[in-house]
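Enquirer: Okay, handing you the structure first.
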Amino acid sequence: MSARSAGHAPHTITILDALRSGSASSRADLAKATGLSPSTVSARVDELIAHGHVLESGEGVSRGGRRPRRLSIRPDAGIVGCIDLGVDRASLGLVDFAGELVAERHVAMDIALGPQRVLEAVVALLHELIASADLPDGSRLSGLSVGVPGPVASGSARIVSPSRMPGWNGVAVPEILSALVDVPVVVNNDANLMAVGEFVAGDPALENQVFVKAGSGIGCGIISGGVLYTGSHGAAGDISHVSVPGAPDVQCSCGRRGCLDAVASGNALVRQLQENGVDVANVEAMIDLAKDAHPMATRLLREAGSMTGGVLATIVNFFNPDRLVLGGVLSQSEVFVASVRSTLYAECLPMATENLEVAVSRLPLAGGLVGAGKVFLDRQFSVAGV
């Protein structure tokens, strides 16, 4: 993360949190929701209005006296450029300061082209998206929030030993992007951002969630108590290198054998089909084969679901989440999803699955963008700022 802007005082953050969550929409509501005195609320709200972060307009619902003025986060206070990089594609989006995804674009992009070429290309595409989007007059790019398909160290924002990002090891994405665009930059693992996006789109009462990105590779993001949990250094949720008992003896990029990513990811399944003489170009084509009852494609997807479900069973038993969400291209396979679900219920304690919701992602394309916007804005509206 590159730190550019100062944050807000603690009382101001409390007020912003109440407005952003929708739990308050007037000065009187804010006093009740935050426990702050009416005079403190009024002073802080006036400051936020003066700084252009909060909008006061219209009239709210009267509770017996004069109708209160309605408060909200000012959506046109800034635009967050969101970039969600995959192995062979890139998603770009614009999120306003109210947290709404106002524009998006999805393009083919080869991550193996290297960090400089890929990041220059997505910045150019982002500028095109800004130019073509229907944005309020005066809208400005206030920051970039980026997801990458590899581990990101939370302290340095460097990518660490990614499995499918040749040439990216040790790269600090904010350093490259800050030379291209003079705005603050935050970077995170893509599965983490998808987990946040899925949480934002769902029931806020389900505060403990596990999101699994099962695509070309396999990743995982954890929401604990309504907050993204990344662990002490950013590695929390990385299940790609968990050894699978009884798995095929396949070499993994980490040097070990039988890791989940090496035996159950989309790329691993496509490789197995190709080695057996099946003409299949990518994961989507493999799923289409299974839909047409191709025996080997169906079997491999079922086995991958079982292996993935076995790893997730340990997580569900340990973490006891409210909801487990399957995303990524493999979640489009009914065979894979059914196998994950059946393995979970077979290997988890009944108490861990009694109220567990197992679902497919609500935001298959835009989840990472929504999550990227939320992560950036959470830091923007914090004591430290971005």
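The values are calculated or read from the model by the stated rules, or taken from the named source; none is laboratory data. Because the structure is predicted, anything quoted here is derived from the model rather than measured. Every residue, glycine as well, gets a Cβ built from its backbone with ideal geometry; the counts of neighbours run over all protein chains shown.
Enquirer: Please work out if S72 is part of a strand (DSSP E or B) and within 17 Å of P184 (Cα to Cα).
Expert: Working: part of a strand (DSSP E or B): yes; within 17 Å of P184 (Cα to Cα): no.
Here the answer is no, as S72 does not meet what is asked.
Enquirer: Please verify whether G167 is surrounded by fewer than 17 Cβ atoms within 10 Å (Cβ to Cβ), at pLDDT 95 or above and more than 23 Å from V337 (Cα to Cα), treating the condition exactly as stated.
Expert: Values: surrounded by fewer than 17 Cβ atoms within 10 Å (Cβ to Cβ): yes; at pLDDT 95 or above: yes; more than 23 Å from V337 (Cα to Cα): yes.
Against the criterion (surrounded by fewer than 17 Cβ atoms within 10 Å (Cβ to Cβ), at pLDDT 95 or above and more than 23 Å from V337 (Cα to Cα)), G167 qualifies.
Enquirer: Here is a follow-up. Listed residues L312, L330, L324; which is farther than 21 Å from G86 by Cβ and assigned to a helix (DSSP H, G or I)?
Expert: Details: L330 fails: farther than 21 Å from G86 by Cβ; L324 fails: assigned to a helix (DSSP H, G or I).
Answer to the check: L312.
Enquirer: May I ask you to list the residues in region 140-180 that are more than 21 Å from the chain's Cα centre (by Cα), closer than 25 Å to L365 by Cα and touching a residue at least 60 places away in the same chain (Cβ under 8 Å)?
Expert: R140 - this is the single residue of region 140-180 that is more than 21 Å from the chain's Cα centre (by Cα), closer than 25 Å to L365 by Cα and touching a residue at least 60 places away in the same chain (Cβ under 8 Å).
Enquirer: For region 132-147, what are the residues that are buried (at least 19 other Cβ atoms within 10 Å of the Cβ) and within 21 Å of R89 (Cα to Cα)?
Expert: Within region 132-147, L144, S145, V146, G147 meet the criteria.
Enquirer: Another question about this same structure. Which of the residues spanning region 83-131 are closer than 25 Å to G170 by Cα, among the charged types (D, E, K, R) and either surrounded by fewer than 19 Cβ atoms within 10 Å (Cβ to Cβ) or over 16 Å from the mean Cα position of the chain (by Cα) (or both)?
Expert: D88, R89, D110, R117, E120
Enquirer: Look through G202, G215, G231, G221 and report the one residue that is within 20 Å of the chain's Cα centre (by Cα) and within 30 Å of G52 (Cα to Cα).
Expert: Working: G215 fails: within 30 Å of G52 (Cα to Cα); G231 fails: within 30 Å of G52 (Cα to Cα); G221 fails: within 30 Å of G52 (Cα to Cα).
Going through G202, G215, G231, G221 in turn, just one is within 20 Å of the chain's Cα centre (by Cα) and within 30 Å of G52 (Cα to Cα): G202.
Enquirer: Next question, about the same structure. Just to be sure, is V61 among the hydrophobic types (A, V, I, L, M, F, W, C) and modelled with pLDDT of 90 or more? Even if it seems obvious, please write down each step before you answer.
Expert: Numbers: among the hydrophobic types (A, V, I, L, M, F, W, C): yes; modelled with pLDDT of 90 or more: no.
Considered against the rule, which asks whether it is among the hydrophobic types (A, V, I, L, M, F, W, C) and modelled with pLDDT of 90 or more, V61 comes out as no.
Enquirer: Ok, one more. Based on what the data block shows, is E198 assigned to a loop (DSSP other than H, G, I, E, B) and not polar (S, T, N, Q)?
Expert: On the way: assigned to a loop (DSSP other than H, G, I, E, B): no; not polar (S, T, N, Q): yes.
For E198, the condition - assigned to a loop (DSSP other than H, G, I, E, B) and not polar (S, T, N, Q) - is not met.
Enquirer: For M286, which of the numbered conditions (1) surrounded by fewer than 19 Cβ atoms within 10 Å (Cβ to Cβ); (2) without any contact (Cβ under 8 Å) to a residue 24 or more places away in the chain fails to hold?
Expert: (1)
Enquirer: From the residues in region 178-223 that are under 21 Å from G99 (Cα atoms) and of a type in the set (D, E, K, R), which one is surrounded by the fewest Cβ atoms within 10 Å (Cβ to Cβ)?
Expert: Checked region 178-223; the qualifying residue surrounded by the fewest Cβ atoms within 10 Å (Cβ to Cβ) is D203.
Enquirer: Follow-up question, since we're still on this one. Could you go through region 125-137 and let me know if any residue there is of a type in the set (V, I, T) and out of contact with any helix residue (DSSP H, G or I) (no Cβ under 7 Å at 6 or more places or on another chain).
Expert: Of the residues in region 125-137, the ones of a type in the set (V, I, T) are 130.
Narrowing further to those that are out of contact with any helix residue (DSSP H, G or I) (no Cβ under 7 Å at 6 or more places or on another chain): 130.
Checked against the condition, which is being of a type in the set (V, I, T) and out of contact with any helix residue (DSSP H, G or I) (no Cβ under 7 Å at 6 or more places or on another chain), region 125-137 yields at least one hit.
Enquirer: Counting only residues that are surrounded by fewer than 19 Cβ atoms within 10 Å (Cβ to Cβ), of a type outside the set (S, T, Y) and over 20 Å from L269 (Cα atoms), how many does region 324-351 have?
Expert: Final tally of qualifying residues: 5.
Enquirer: Turning to a different aspect of this structure: Residue pairs, Cβ under 9 Å, 6 or more apart or interchain, first in region 92-112 and assigned by TED's automatic domain parsing to the domain that holds F376 and in contact (Cβ under 8 Å) with a residue 60 or more places away in the chain, second assigned to a strand (DSSP E or B) and basic (K, R). List them.
Expert: That search, which allows pairs on different chains as well, returns L92/R105; G93/R105; H106/R89.
Enquirer: Can you find even one residue in region 204-211 that is of a type in the set (F, W, Y), in the same structural domain as V87 (by TED's automatic domain parsing) and modelled with pLDDT of 95 or more? It would help to see each step written out before you state the result.
Expert: Of all residues in region 204-211, those of a type in the set (F, W, Y) come to 211.
Still in the list and also in the same structural domain as V87 (by TED's automatic domain parsing): none.
No - not one qualifying residue is present in region 204-211.
Enquirer: Among D249, D238, D261, D203, which is closer than 24 Å to M109 by Cβ, assigned to a loop (DSSP other than H, G, I, E, B) and among the acidic types (D, E)?
Expert: D238
Enquirer: Next question, about the same structure. Considering only residues that are outside any helix (DSSP H, G or I) and either touching a Ser or Thr at 6+ places or on another chain (Cβ under 6 Å) or among the aliphatic types (A, V, I, L, M) (or both), which ones fall in region 12-32?
Expert: Residues of region 12-32 that are outside any helix (DSSP H, G or I), as a first pass: 22-26.
Once the filter is applied, which keeps residues that are outside any helix (DSSP H, G or I) and either touching a Ser or Thr at 6+ places or on another chain (Cβ under 6 Å) or among the aliphatic types (A, V, I, L, M) (or both), region 12-32 yields only A24.
Enquirer: I've got another one for you. Quick one: would you say V186 is of a type outside the set (S, T, Y) and assigned by TED's automatic domain parsing to the domain that holds G371?
Expert: Values: of a type outside the set (S, T, Y): yes; assigned by TED's automatic domain parsing to the domain that holds G371: yes.
Criteria met by V186.
Enquirer: Is it true that V186 is in contact with a Ser or Thr (Cβ under 6 Å, 6 or more places away or on another chain) and farther than 18 Å from V358 by Cα?
Expert: yes
Enquirer: Here's another thing I want to ask about it. Of all the residues that make up region 251-273, how many are surrounded by fewer than 18 Cβ atoms within 10 Å (Cβ to Cβ) and either of a type in the set (A, V, I, L, M, F, W, C) or not assigned by TED's automatic domain parsing to the domain that holds V335 (or both)?
Expert: So the answer is 1.
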